[in-house]
Amino acid sequence: QETFGLAPVEAMAAGLPVVVSDWDGYRYTVSDGVEGFLIRTLAPSHSPQGEELALQHDHGLLSYQDYVGAVAQHVAVDTEAAAVAIARLAEDPDLRQRMGEAGRQTVRQRFDWPVVARLHHQLYAELAERRCAGQERSGLEAQHPLRGDPFRDFASFATSSLGSETDLRLAMPLPEIQHRLNNLTSLDRCYGELHASPADVQRLLEQLQSEGDQSCHLMHLLRAWPDEQHDALRLSLTWLAKLGCIQWS
């Protein structure tokens, strides 16, 4: 959910290297390979399920925690890359020192109070201009400016958005994935109504298995399914990626 991320900046001010997800605010406070490492993420794009979440939240049928929880459940972080980054820092004292010092410099140059105050004044002026030149809104935004489709609104926060050219492949043999899916926690199963049915998820995984070691374009994968099922299948795929069952590129 971080739109800025105070904890990494505090760590940088203390001279510590950081390992953070490549997600919205973190991307603007940490430069990959300089103050630490950014770990890639994958998120869905616009979907009717996202619009439904927004409407339910707007009408008080869905709490804020459930609203953002449903989005978070469909954002994947490359945990293998995170492990590699942490291991590199653990094994290399010079790298830790170099990144830690770079973090201190970044905080002094960008987040010292005089710098932040000047940026706030610039922001106030920009927002005033936007209000004066405001445009008519339609759709969900007209009903409530903070209740758009969250998958569309936050798509740019992730490193990449699941699209027709995204390459997908199984991250492990199918029996291991089936074992993992059969032993999910209750948290893992939250918001399952946004996904395809378990039988369709199994068929989707079998499709990927049939590709062997080769990755498969999302567009190619969805050709075997009716158009009306594509949205649920896309969310199923980002959920499976979050669980570590699918790799993407």
For the chain: accessible area per residue (Å², 1.4 Å): 56
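Please list 210-216, 37-43 highest first by mean number of surrounding beta-carbon atoms within 10 Å per residue.
The densest-packed peptide leads the list: 37-43, 210-216.
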Using just the helices of the chain, give the 222 nm mean residue ellipticity in deg cm²/dmol: DSSP H runs with n ≥ 4 each add -39,500 (n - 2.57), and the total is spread over all residues, rounded to 500. -15500 deg cm²/dmol
Per-residue counts of other Cβ atoms within 10 Å, averaged by peptide: what ranking do you get for 224-235, 69-80, 54-65, highest first? 69-80, 224-235, 54-65
Taking 8 Å as the Cα distance limit and 6 or more residues as the minimum spacing, I'd like the relative contact order of the chain as a percentage. 28
Local net charge near Y26, Cβ-Cβ under 15 Å (Lys/Arg +1, Asp/Glu -1): -4
Amide N of segment 222-247 lying under 18 Å from the label point, which is placed 7 angstrom from the Cα of E52 along Cα→Cβ: 226-240
Can you compute the radius of gyration and Dmax for segment 1-115, using only the Cα atoms, both in Å? 17.3, 54
Cα centroids of segment 44-90 and segment 95-119: how far apart, whole angstrom? 29
With R169 itself left out, Lys, Arg at +1 and Asp, Glu at -1 over residues whose Cβ is under 10 Å from its Cβ give -3
By average Cβ neighbour count within 10 Å, what is the ranking of 194-206, 81-93, 19-31 from highest down? 19-31, 194-206, 81-93
Which whole-number percent is the relative contact order of segment 139-249 (Cα, under 8 Å, 6+ apart)? 42
Expressed as a percent, the accessible surface of the chain that is carbon or sulfur, using a 1.4 Å probe and the full set of protein chains, is 53
Using the Kyte-Doolittle scale, which helices in the chain average at least -1.0 and also have C-alpha atoms spread 24 Å or more along the helix axis, with helices defined as whole DSSP H runs? 113-132
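Over segment 20-150, what is the relative contact order in percent, taking alpha-carbon pairs closer than 8 angstrom and at least six residues apart?
33
The values are calculated or read from the model by the stated rules, or taken from the named source; none is laboratory data. As the structure is a computational prediction, the values presented were derived from the model and not from experiment. Reconstructed Cβ throughout: ideal geometry from the backbone, glycine too, with neighbour counts over all protein chains shown. Each accessible area value is taken on the protein alone, full model and side chains, heavy atoms only, with ligands, DNA and RNA left out. Shrake-Rupley method; radii C 1.70, N 1.55, O 1.52, S 1.80 Å.
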